[in-house]
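Visitor: First the structure, which I've put down as C-alpha coordinates, then a few questions once you've had a look.
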Ligand SMILES: Nc1ncnc2c1ncn2[C@@H]1O[C@H](COP(=O)(O)OP(=O)(O)OP(=O)(O)O)[C@@H](O)[C@H]1O
Ligand SMILES: [Mg+2]
(Lines give C-alpha, C1' and ligand atoms only; values in the text may rest on other atoms or scores of the structure.)
(Ligands and ions follow the chains in the order given, each with its own letter.)
Protein backbone atom coordinates (compact mmCIF):
# COMPACT_ATOMS: atom_id res chain seq x y z
CA UNK A 1 0.00 0.00 0.00
CA UNK A 2 1.15 3.54 -0.75
CA UNK A 3 2.49 5.23 2.40
CA UNK A 4 0.50 8.17 3.72
CA UNK A 5 3.36 9.64 5.76
CA UNK A 6 3.79 13.44 5.83
CA UNK A 7 7.34 13.05 4.48
CA UNK A 8 8.25 10.11 2.24
CA UNK A 9 11.87 9.63 1.26
CA UNK A 10 12.61 6.93 -1.31
CA UNK A 11 16.02 5.68 -2.47
CA UNK A 12 17.44 9.14 -1.96
CA UNK A 13 20.98 9.56 -3.22
CA UNK A 14 23.34 12.49 -3.19
CA UNK A 15 26.78 12.19 -4.70
CA UNK A 16 29.33 14.95 -4.45
CA UNK A 17 32.09 14.95 -7.04
CA UNK A 18 35.29 16.67 -6.02
CA UNK A 19 37.85 16.31 -8.81
CA UNK A 20 38.45 12.57 -9.14
CA UNK A 21 36.80 11.77 -5.83
CA UNK A 22 33.15 10.74 -5.56
CA UNK A 23 31.42 10.89 -2.19
CA UNK A 24 28.10 9.11 -1.78
CA UNK A 25 26.82 11.30 1.05
CA UNK A 26 23.37 9.67 0.76
CA UNK A 27 23.45 6.15 -0.62
CA UNK A 28 19.76 5.23 -0.95
CA UNK A 29 17.82 6.53 2.04
CA UNK A 30 14.29 5.23 2.59
CA UNK A 31 12.42 6.95 5.39
CA UNK A 32 8.89 7.92 6.39
CA UNK A 33 8.34 10.79 8.79
CA UNK A 34 4.87 11.11 10.28
CA UNK A 35 3.04 14.40 10.66
CA UNK A 36 3.54 15.87 14.12
CA UNK A 37 6.45 13.57 15.00
CA UNK A 38 9.72 14.62 16.64
CA UNK A 39 12.46 12.76 14.81
CA UNK A 40 16.07 12.78 15.95
CA UNK A 41 18.72 11.81 13.40
CA UNK A 42 21.92 10.44 14.90
CA UNK A 43 25.09 9.32 13.18
CA UNK A 44 28.86 9.81 13.18
CA UNK A 45 30.54 12.74 11.48
CA UNK A 46 30.30 12.43 7.70
CA UNK A 47 27.38 9.96 7.76
CA UNK A 48 25.17 12.31 5.73
CA UNK A 49 22.99 13.92 8.43
CA UNK A 50 23.32 17.52 7.24
CA UNK A 51 23.03 16.44 3.63
CA UNK A 52 19.74 14.69 4.43
CA UNK A 53 18.40 17.69 6.33
CA UNK A 54 19.33 20.10 3.51
CA UNK A 55 17.49 17.83 1.08
CA UNK A 56 14.41 17.87 3.31
CA UNK A 57 14.59 21.64 3.56
CA UNK A 58 14.81 22.09 -0.20
CA UNK A 59 18.21 23.77 0.22
CA UNK A 60 19.93 21.44 -2.23
CA UNK A 61 18.97 19.07 -5.06
CA UNK A 62 19.38 15.31 -4.90
CA UNK A 63 21.28 13.14 -7.40
CA UNK A 64 18.40 10.62 -7.64
CA UNK A 65 15.45 9.26 -5.70
CA UNK A 66 12.55 11.23 -4.28
CA UNK A 67 11.27 13.24 -1.36
CA UNK A 68 7.54 13.84 -1.12
CA UNK A 69 6.19 16.27 1.44
CA UNK A 70 2.40 16.18 1.72
CA UNK A 71 2.38 14.45 -1.64
CA UNK A 72 4.50 17.15 -3.36
CA UNK A 73 7.70 15.92 -4.99
CA UNK A 74 10.56 18.30 -4.26
CA UNK A 75 12.74 17.16 -7.16
CA UNK A 76 9.97 18.07 -9.62
CA UNK A 77 9.74 21.66 -8.38
CA UNK A 78 11.43 24.51 -10.22
CA UNK A 79 13.51 27.08 -8.28
CA UNK A 80 10.48 29.29 -7.79
CA UNK A 81 8.29 26.54 -6.32
CA UNK A 82 11.18 25.37 -4.16
CA UNK A 83 11.51 28.91 -2.80
CA UNK A 84 7.82 28.93 -1.91
CA UNK A 85 8.22 25.49 -0.28
CA UNK A 86 11.13 26.71 1.87
CA UNK A 87 9.29 29.84 2.91
CA UNK A 88 5.92 28.29 3.70
CA UNK A 89 6.77 24.81 4.90
CA UNK A 90 10.17 24.92 6.56
CA UNK A 91 11.79 26.63 9.52
CA UNK A 92 15.54 25.96 9.59
CA UNK A 93 17.78 26.19 12.66
CA UNK A 94 21.57 25.89 12.31
CA UNK A 95 24.33 24.94 14.75
CA UNK A 96 26.02 28.33 14.32
CA UNK A 97 22.78 30.34 14.70
CA UNK A 98 23.41 32.24 11.40
CA UNK A 99 22.09 35.56 12.69
CA UNK A 100 22.93 38.80 10.87
CA UNK A 101 25.43 40.50 13.16
CA UNK A 102 24.56 44.09 12.25
CA UNK A 103 20.88 43.59 13.13
CA UNK A 104 19.16 43.47 16.51
CA UNK A 105 17.32 40.33 17.68
CA UNK A 106 14.06 41.95 16.60
CA UNK A 107 15.37 42.89 13.14
CA UNK A 108 16.75 39.37 12.67
CA UNK A 109 13.31 37.91 13.35
CA UNK A 110 11.57 40.47 11.12
CA UNK A 111 14.01 39.94 8.22
CA UNK A 112 12.55 36.76 6.61
CA UNK A 113 9.05 38.27 6.71
CA UNK A 114 10.12 40.90 4.13
CA UNK A 115 9.95 38.21 1.48
CA UNK A 116 6.61 36.81 2.56
CA UNK A 117 4.40 39.80 1.77
CA UNK A 118 3.55 40.59 5.39
CA UNK A 119 2.71 44.25 6.17
CA UNK A 120 5.19 46.26 8.26
CA UNK A 121 3.07 46.64 11.40
CA UNK A 122 2.13 42.98 11.41
CA UNK A 123 5.79 41.94 10.97
CA UNK A 124 6.79 43.92 14.04
CA UNK A 125 3.92 42.55 16.15
CA UNK A 126 4.64 38.99 15.13
CA UNK A 127 8.38 39.30 15.83
CA UNK A 128 7.74 40.74 19.30
CA UNK A 129 5.32 37.91 20.06
CA UNK A 130 7.82 35.27 18.91
CA UNK A 131 10.64 36.78 20.97
CA UNK A 132 8.28 36.64 23.96
CA UNK A 133 7.53 33.01 23.19
CA UNK A 134 11.25 32.12 23.35
CA UNK A 135 11.70 34.17 26.54
CA UNK A 136 13.67 37.04 25.01
CA UNK A 137 11.26 39.99 25.06
CA UNK A 138 13.79 41.93 27.14
CA UNK A 139 16.61 41.37 24.64
CA UNK A 140 14.83 42.50 21.47
CA UNK A 141 17.17 45.43 20.86
CA UNK A 142 20.40 43.53 21.51
CA UNK A 143 22.67 42.57 18.64
CA UNK A 144 23.99 38.98 18.42
CA UNK A 145 27.35 39.92 20.01
CA UNK A 146 25.41 41.26 23.01
CA UNK A 147 23.65 37.92 23.53
CA UNK A 148 24.83 34.58 24.94
CA UNK A 149 25.00 31.56 22.63
CA UNK A 150 21.78 30.16 24.10
CA UNK A 151 20.02 33.48 23.60
CA UNK A 152 21.26 33.72 20.00
CA UNK A 153 19.87 30.27 19.32
CA UNK A 154 16.54 31.35 20.84
CA UNK A 155 16.46 34.25 18.37
CA UNK A 156 17.15 31.73 15.60
CA UNK A 157 14.25 29.58 16.84
CA UNK A 158 11.96 32.65 16.84
CA UNK A 159 13.15 33.50 13.31
CA UNK A 160 12.42 29.96 12.10
CA UNK A 161 8.79 30.42 13.16
CA UNK A 162 7.95 33.72 11.45
CA UNK A 163 6.05 32.18 8.57
CA UNK A 164 4.41 29.63 10.86
CA UNK A 165 5.88 26.58 9.10
CA UNK A 166 4.45 23.12 9.80
CA UNK A 167 7.98 21.67 9.73
CA UNK A 168 11.06 22.60 11.80
CA UNK A 169 14.48 21.29 10.75
CA UNK A 170 17.42 21.77 13.09
CA UNK A 171 21.04 20.80 12.38
CA UNK A 172 22.94 20.29 15.66
CA UNK A 173 21.03 23.16 17.33
CA UNK A 174 22.73 22.54 20.69
CA UNK A 175 26.19 21.76 19.29
CA UNK A 176 27.67 25.16 20.23
CA UNK A 177 25.86 25.51 23.56
CA UNK A 178 26.64 24.68 27.17
CA UNK A 179 24.65 21.92 28.86
CA UNK A 180 21.88 24.03 30.33
CA UNK A 181 21.36 26.34 27.31
CA UNK A 182 21.27 23.20 25.19
CA UNK A 183 18.55 21.72 27.34
CA UNK A 184 16.46 24.87 27.11
CA UNK A 185 16.68 24.78 23.30
CA UNK A 186 15.59 21.12 23.39
CA UNK A 187 12.59 22.10 25.52
CA UNK A 188 11.70 24.86 23.04
CA UNK A 189 11.85 22.37 20.17
CA UNK A 190 9.73 19.99 22.22
CA UNK A 191 7.14 22.75 22.71
CA UNK A 192 6.99 23.27 18.94
CA UNK A 193 6.39 19.54 18.60
CA UNK A 194 3.62 19.65 21.20
CA UNK A 195 2.03 22.51 19.22
CA UNK A 196 1.66 20.00 16.40
CA UNK A 197 4.65 20.82 14.22
CA UNK A 198 6.79 18.13 12.63
CA UNK A 199 10.28 18.49 14.07
CA UNK A 200 13.41 16.85 12.63
CA UNK A 201 16.64 17.38 14.56
CA UNK A 202 20.17 16.22 13.82
CA UNK A 203 21.95 15.81 17.12
CA UNK A 204 24.83 14.10 18.87
CA UNK A 205 23.27 14.95 22.22
CA UNK A 206 21.79 11.78 23.70
CA UNK A 207 19.41 13.88 25.83
CA UNK A 208 17.57 14.86 22.66
CA UNK A 209 16.18 11.32 22.46
CA UNK A 210 14.04 11.85 25.56
CA UNK A 211 12.00 14.44 23.62
CA UNK A 212 11.84 12.40 20.43
CA UNK A 213 9.03 10.21 19.17
CA UNK A 214 11.39 8.55 16.68
CA UNK A 215 15.16 8.12 16.43
CA UNK A 216 16.84 7.45 13.09
CA UNK A 217 20.41 6.19 12.78
CA UNK A 218 22.57 7.00 9.74
CA UNK A 219 25.77 5.24 8.76
CA UNK A 220 27.63 5.96 5.53
CA UNK A 221 24.61 7.58 3.93
CA UNK A 222 22.14 4.82 4.84
CA UNK A 223 19.47 4.40 7.51
CA UNK A 224 20.39 1.49 9.79
CA UNK A 225 18.76 -0.14 12.82
CA UNK A 226 19.72 0.82 16.35
CA UNK A 227 21.45 -2.57 16.76
CA UNK A 228 23.57 -2.05 13.62
CA UNK A 229 24.39 1.45 14.78
CA UNK A 230 25.42 0.28 18.24
CA UNK A 231 27.55 -2.51 16.75
CA UNK A 232 29.30 -0.04 14.45
CA UNK A 233 29.98 2.41 17.29
CA UNK A 234 31.62 -0.34 19.33
CA UNK A 235 33.69 -1.23 16.31
CA UNK A 236 34.96 2.34 16.12
CA UNK A 237 36.65 2.17 19.53
CA UNK A 238 40.34 1.66 18.72
CA UNK A 239 41.62 -1.57 20.15
CA UNK A 240 44.72 -1.77 22.29
CA UNK A 241 47.70 -2.94 20.25
CA UNK A 242 48.67 -6.51 21.22
CA UNK A 243 51.74 -6.49 23.48
CA UNK A 244 53.90 -8.42 20.99
CA UNK A 245 53.33 -5.76 18.22
CA UNK A 246 54.61 -2.94 20.38
CA UNK A 247 58.11 -1.72 19.66
N1 LIG B 1 29.25 20.39 -0.57
C2 LIG B 1 29.96 19.26 -0.47
N3 LIG B 1 30.89 18.94 -1.38
C4 LIG B 1 31.58 17.78 -1.30
N5 LIG B 1 31.41 16.86 -0.35
C6 LIG B 1 30.48 17.11 0.59
C7 LIG B 1 29.71 18.32 0.59
N8 LIG B 1 28.88 18.29 1.64
C9 LIG B 1 29.13 17.13 2.28
N10 LIG B 1 30.08 16.42 1.65
C11 LIG B 1 30.57 15.09 2.05
O12 LIG B 1 29.44 14.24 2.24
C13 LIG B 1 29.58 13.44 3.39
C14 LIG B 1 28.40 13.69 4.34
O15 LIG B 1 28.50 15.03 4.84
P16 LIG B 1 27.49 15.64 5.91
O17 LIG B 1 27.85 17.07 6.05
O18 LIG B 1 26.11 15.34 5.49
O19 LIG B 1 27.86 14.81 7.22
P20 LIG B 1 27.29 14.95 8.70
O21 LIG B 1 26.73 13.62 9.07
O22 LIG B 1 26.39 16.13 8.78
O23 LIG B 1 28.64 15.18 9.54
P24 LIG B 1 28.90 16.12 10.83
O25 LIG B 1 28.40 15.37 12.02
O26 LIG B 1 30.40 16.24 10.86
O27 LIG B 1 28.22 17.44 10.62
C28 LIG B 1 30.92 13.77 3.98
O29 LIG B 1 31.83 12.79 3.59
C30 LIG B 1 31.28 15.10 3.39
O31 LIG B 1 32.67 15.24 3.24
MG1 LIG C 1 26.52 17.96 9.75
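The values are calculated or read from the model by the stated rules, or taken from the named source; none is laboratory data. On a predicted model such as this, the values are computed, not experimentally measured, just so you know. Every residue, glycine among them, receives a Cβ derived from its backbone with ideal geometry; neighbour counts consider all protein chains shown.
Visitor: Enumerate the pairs (first residue in region 197-210 and under 17 Å from residue 167 (Cβ atoms); second residue anywhere and within 16 Å of ligand 2 (Cβ to nearest atom) and part of a loop (DSSP other than H, G, I, E, B)) with beta-carbon separation below 6 Å, excluding pairs fewer than 6 apart on the same chain, so at least 6 apart or on different chains.
Guide: 202/172
Visitor: Please verify whether residue 61 is more than 7 Å from ligand 1 (Cβ to nearest atom), farther than 22 Å from residue 197 by Cβ, more than 16 Å from the chain's Cα centre (by Cα) and outside any strand (DSSP E or B), treating the condition exactly as stated.
Guide: Taking the combined requirement at face value, the residue satisfies it.
Visitor: Taking region 194-213 on its own, how many of its residues are away from ligand 2 (no atom under 16 Å from the Cβ) and in contact with a helix residue (DSSP H, G or I) (Cβ under 7 Å, 6 or more places away or on another chain)?
Guide: Going through region 194-213 one residue at a time, the tally reaches 3.
To keep it simple, each residue is scored yes or no on (1) farther than 24 Å from residue 195 by Cβ; (2) within 16 Å of ligand 1 (Cβ to nearest atom); (3) in contact (Cβ under 8 Å) with a residue 40 or more places away in the chain.
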{"site": "8", "(1), (2), (3)": "no, no, yes"}
{"site": "11", "(1), (2), (3)": "yes, no, yes"}
{"site": "23", "(1), (2), (3)": "yes, yes, no"}
{"site": "53", "(1), (2), (3)": "no, yes, yes"}
{"site": "69", "(1), (2), (3)": "no, no, yes"}
{"site": "79", "(1), (2), (3)": "yes, no, no"}
{"site": "83", "(1), (2), (3)": "yes, no, no"}
{"site": "101", "(1), (2), (3)": "yes, no, yes"}
{"site": "114", "(1), (2), (3)": "yes, no, no"}
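Visitor: Could you tell me how many of the residues in region 1-56 are farther than 20 Å from residue 211 by Cα, in a loop (DSSP other than H, G, I, E, B) and away from ligand 2 (no atom under 13 Å from the Cβ)?
Guide: 7
Visitor: Also, I was wondering about something else. Report yes if residue 39 is under 19 Å from the mean Cα position of the chain (by Cα), at pLDDT 95 or above and more than 8 Å from ligand 1 (Cβ to nearest atom), otherwise no.
Guide: Taking the combined requirement at face value, the residue satisfies it.
Visitor: Filter region 88-132 for residues that are out of contact with any strand residue (DSSP E or B) (no Cβ under 8 Å at 6 or more places or on another chain) and within 16 Å of ligand 2 (Cβ to nearest atom); which is farthest from residue 150 (Cα to Cα)?
Guide: This residue is 98.
Visitor: Looking at 166, 144, which one is surrounded by 18 or more Cβ atoms within 10 Å (Cβ to Cβ) and away from ligand 2 (no atom under 16 Å from the Cβ)?
Guide: 144 is the lone residue from the list that is surrounded by 18 or more Cβ atoms within 10 Å (Cβ to Cβ) and away from ligand 2 (no atom under 16 Å from the Cβ).
Visitor: Against the condition under 22 Å from residue 218 (Cα atoms), in contact (Cβ under 8 Å) with a residue 24 or more places away in the chain, within 13 Å of ligand 2 (Cβ to nearest atom) and out of contact with any strand residue (DSSP E or B) (no Cβ under 7 Å at 6 or more places or on another chain), how does residue 59 come out, does it pass?
Guide: Answer is yes for this residue.
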